[in-house]
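> Here it is, the structure in full.
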Amino acid sequence: MKYYFPIHLDGGNRGCEAIAKGTALILKENKDNLIGLSTDMELDHRLKVDDYITLQPMRQRGIPFRIKNKMYKSVIHEEWKRKSFIYQYEYTPFLDQMNKDDIMISTGGDMMCYNENQVIYTVDYLHKRGIRSTLWGCSIGEKNITQRKLHALKQFSHIYVRETLTQEVLAGHNIHNVSVFPDPAFVLEPIPCQLPACFLQGEVIGVNLSNYVMGGFDLNSAFAKEVDILIKYILQSTDYQILLIPHVLWKGQDDRIVSNLIKEKYASNRIHVLDIDDLNYCQIRYVISKCHCFIGGRTHAVISAYSTKTPAIAIGYSIKSRGIAKDIEMPQETIVDSVNINNGQLLNAFLYTLGNALNLRELLSTKMKEYRMKAWDASKIIDLVKMN
């Protein structure tokens, strides 16, 4: 029996890297039995993802495909059918390797929080062939539900959600083949690496921002104004260094864009951007662990802070960050909704975190040992899938 990961994508999103590595550790399987589909083999090799799972390259969209796709688009106007044409080309060669004894592990994470996508296509395709599957470490909010998603969710042999808010949403739609375990990234350990020079200049506030929480690739949104208030306060009223920590480098959502805009805007020698090109997830986790406190928009960056008992503010825009923070029993003051933010809320959250840093470290120290151990128990899901 082998396990197939068609939705791994690549480590350009360090969260995808973290899920792949954490899952491999949880399953305790030889990497020959863990097969992942990669959209960037060179990068995944550099990040050592292939130390954990066996990688296969995604089928490239060559000129013949592009011509066929253009022709298809000209006559087919239904968006899902147009997407499925692409997914069929990219995913079926990978999925067709599977037999009835194998299991698909759909490491979609938050992909069901967005538009209808390849998570749906892959489970539909395998369900028709009678091949078992599990949606692994997922989150989905009520506002994300569509009829097509509901149909796909019911085709998974079992669903592993990473927080209880998603479990409640699914129960409301009569989906009960669900187990709750912490995100697989919680089992990973930080890997020491060379720290940026700013750590020699004083205490460091780690900050991760993305276009999702900022409302785009500019600094004009309501949330961007709250970030402005926070940064001005730190620069004018404290001695802290600010280290902007990108976590996703994918085209269209590259964290470096917002980070560099902020660095350029303030032109301060106390604002720095971490170069993560050659840093894997666990090395970035080590850097985050050395911060005095952390402010994060990317869920897996915040998971690194929680895992290393670093006081953290979760900038939430979907159910995933709220759900994880709730299950860990983080104070409500440390969760900021970037979409529905109140004036001064981000600064107030920062001041609360600073003022309660010792208590927050103690809370995380108390919670993390048991919580991280629960993530290892996600391996029990495989037995539930086999029973299906």
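> When you scan segment 279-291, do you find a residue that is of a type in the set (S, T, N, Q), out of contact with any strand residue (DSSP E or B) (no Cβ under 8 Å at 6 or more places or on another chain) and in a loop (DSSP other than H, G, I, E, B), even just one?
yes
> Is it the case that some residue within segment 66-85 is out of contact with any Pro (no Cβ under 8 Å at 6 or more places or on another chain), surrounded by 15 or more Cβ atoms within 10 Å (Cβ to Cβ), of a type in the set (Ser, Thr, Tyr) and closer than 16 Å to Phe5 by Cβ?
Scanning segment 66-85, I find no residue that is out of contact with any Pro (no Cβ under 8 Å at 6 or more places or on another chain), surrounded by 15 or more Cβ atoms within 10 Å (Cβ to Cβ), of a type in the set (Ser, Thr, Tyr) and closer than 16 Å to Phe5 by Cβ, so the answer is no.
> Go through (1) surrounded by fewer than 24 Cβ atoms within 10 Å (Cβ to Cβ); (2) closer than 28 Å to Lys143 by Cα for Cys282 and report which single condition fails.
(2)
> Out of segment 1-38, which residues are surrounded by fewer than 17 Cβ atoms within 10 Å (Cβ to Cβ) and either within 19 Å of Arg61 (Cα to Cα) or out of contact with any helix residue (DSSP H, G or I) (no Cβ under 8 Å at 6 or more places or on another chain) (or both)?
Of everything in segment 1-38, those that are surrounded by fewer than 17 Cβ atoms within 10 Å (Cβ to Cβ) and either within 19 Å of Arg61 (Cα to Cα) or out of contact with any helix residue (DSSP H, G or I) (no Cβ under 8 Å at 6 or more places or on another chain) (or both) turn out to be Asn30, Asp32, Asn33.
> Given the conditions (1) open to solvent by 60 Å² or more (accessible area, probe 1.4 Å); (2) outside any helix (DSSP H, G or I), which single one is not true for Ile276?
(1)
> Continuing with this model, one more query. Take the residues of segment 325-339 that are in a helix (DSSP H, G or I) and open to solvent by 10 Å² or more (accessible area, probe 1.4 Å): which is nearest to Lys225 (Cα to Cα)?
Glu333
> How many residues does segment 204-225 contain that are part of a helix (DSSP H, G or I) and open to solvent by 40 Å² or more (accessible area, probe 1.4 Å)?
3
> If you don't mind, there's one more thing I want to ask. If you go through segment 19-57 one residue at a time, how many are without any contact (Cβ under 8 Å) to a residue 12 or more places away in the chain and either charged (D, E, K, R) or under 22 Å from Phe181 (Cβ atoms) (or both)?
Of the residues in that region, 1 qualify.
> I've got another one for you. Does any residue in segment 230-243 that is modelled with pLDDT of 95 or more come within less than 7 Å, Cβ to Cβ, of a residue that is polar (S, T, N, Q) six or more places away or on a different chain, and which pairs are these?
Pairs found: Leu235/Ser268; Gln241/Gln201.
The values are calculated or read from the model by the stated rules, or taken from the named source; none is laboratory data. These numbers come from a predicted model, not from an experiment. Cβ sites come from the backbone with ideal geometry, for glycine too, and all protein chains shown count toward neighbours. Surface areas here come from the heavy atoms of the whole protein model, side chains and all, with no ligands, DNA or RNA. Shrake-Rupley method; radii C 1.70, N 1.55, O 1.52, S 1.80 Å.
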